Amino acid sequence: MELKVNKEYPTLEINEKSLYDANILYPMYSGKDSETTAITQYIFQHYTTNLEPLSKALFSISLNEMHHHELLGEAIYMLGTLPMFADGRYFWKGNFVCYHTNPKKILEMDILSEQKAIDNYQKSLLYLKNDSIKCLISRIIEDEELHLKTLTKIYNEEFNY
């Protein structure tokens, strides 16, 4: 089950190429704090954690992050460039992933990662020119806020905070 808001994603309407907008999307697609990193990190943590509610949530969130990755990759391609695993300057690296296996540490790091994702997406809205992509980013933010809420709830329930 994919952990996402029960709301459709907007259809992308990209009628002209724009490397400008593509370059804004690249860091969120496959930079250090990106969907690529989130997918890889959450899958690793899902495999290695022994805390059942966390493991299930991480798997569900990773599926939704894969969908975000797909949507951003399609947008980048429609904007006229290849959806490479790079942020426009550097290629994605496996050391971007947080490899903690302690459930408390996992939750602490993932809560920070979700907040950073929300912040990065919100900042991108200030610079993107294509309104269709802005709508997509706004919709993705809603999912990221649900991820943050879910991880925070698990943290509070498991560690009495």
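Using the structure shown, decide if Leu71 is under 21 Å from Ser18 (Cα atoms) and loosely packed, with under 13 Cβ neighbours inside 10 Å. Give the derivation first.
Details: under 21 Å from Ser18 (Cα atoms): yes; loosely packed, with under 13 Cβ neighbours inside 10 Å: no.
Taking the combined requirement at face value, the residue does not satisfy it.
Among the residues of the stretch 32-68, what is the count of those that are assigned to a loop (DSSP other than H, G, I, E, B) and either surrounded by fewer than 22 Cβ atoms within 10 Å (Cβ to Cβ) or of a type in the set (D, E, K, R) (or both)?
Step one: list which residues in the stretch 32-68 are assigned to a loop (DSSP other than H, G, I, E, B), which gives 32-34, 49-51.
Retained after the next criterion (residues that are either surrounded by fewer than 22 Cβ atoms within 10 Å (Cβ to Cβ) or of a type in the set (D, E, K, R) (or both)): 32-33, 49-51.
Residues meeting the conditions: 5.
Which of the residues belonging to the stretch 15-31 are open to solvent by 80 Å² or more (accessible area, probe 1.4 Å) and touching a residue at least 40 places away in the same chain (Cβ under 8 Å)?
Kept after step one, since they are open to solvent by 80 Å² or more (accessible area, probe 1.4 Å), are these residues of the stretch 15-31: 15-17, 19-20, 23.
Scanning the stretch 15-31 gives Lys17, Leu19, Tyr20, Asn23.
Checking Tyr77 against (1) open to solvent by less than 90 Å² (accessible area, probe 1.4 Å); (2) at pLDDT 95 or above; (3) more than 12 Å from the chain's Cα centre (by Cα); (4) farther than 17 Å from Asp110 by Cα, which single condition isn't satisfied?
So the condition that Tyr77 fails would be (1).
Any idea which residue in the stretch 93-150 is most open to solvent (accessible area, probe 1.4 Å), counting only those that are in a loop (DSSP other than H, G, I, E, B) and either in contact with a Lys or Arg (Cβ under 6 Å, 6 or more places away or on another chain) or more than 27 Å from Met1 (Cβ to Cβ) (or both)?
Going through the stretch 93-150, the residues in a loop (DSSP other than H, G, I, E, B) turn out to be 93, 97-102, 128-130.
Keeping just the survivors that are either in contact with a Lys or Arg (Cβ under 6 Å, 6 or more places away or on another chain) or more than 27 Å from Met1 (Cβ to Cβ) (or both) gives 93, 128-130.
On the way: Lys93: 100, Leu128: 6, Lys129: 140, Asn130: 31 Å².
For the stretch 93-150, the residue satisfying everything is Lys129.
From Leu12, Leu82, grab the single residue that is open to solvent by 70 Å² or more (accessible area, probe 1.4 Å) and closer than 20 Å to Leu128 by Cβ.
Values: Leu12 fails: open to solvent by 70 Å² or more (accessible area, probe 1.4 Å).
Within the list Leu12, Leu82, the selection yields Leu82.
Exactly one of these conditions fails for Leu3: (1) assigned to a helix (DSSP H, G or I); (2) under 13 Å from Leu151 (Cα atoms). Give me its number.
It is condition (1) that Leu3 fails.
Determine which single condition Arg89 fails, assuming it passes every other condition in (1) open to solvent by 50 Å² or more (accessible area, probe 1.4 Å); (2) in a loop (DSSP other than H, G, I, E, B); (3) of a type outside the set (A, V, I, L, M, F, W, C); (4) touching a helix residue (DSSP H, G or I) at 6+ places or on another chain (Cβ under 7 Å).
Arg89 satisfies all of (1) open to solvent by 50 Å² or more (accessible area, probe 1.4 Å); (2) in a loop (DSSP other than H, G, I, E, B); (3) of a type outside the set (A, V, I, L, M, F, W, C); (4) touching a helix residue (DSSP H, G or I) at 6+ places or on another chain (Cβ under 7 Å) except (4).
The values are calculated or read from the model by the stated rules, or taken from the named source; none is laboratory data. Quick caveat, the model's predicted, so the values are computed rather than measured. Neighbour counts are summed over all protein chains in view; Cβ atoms, including those assigned to glycine, are modelled from backbone coordinates with ideal geometry. Remember, those area values only see protein heavy atoms, side chains included, never the ligands or the DNA or RNA. Shrake-Rupley method; radii C 1.70, N 1.55, O 1.52, S 1.80 Å.
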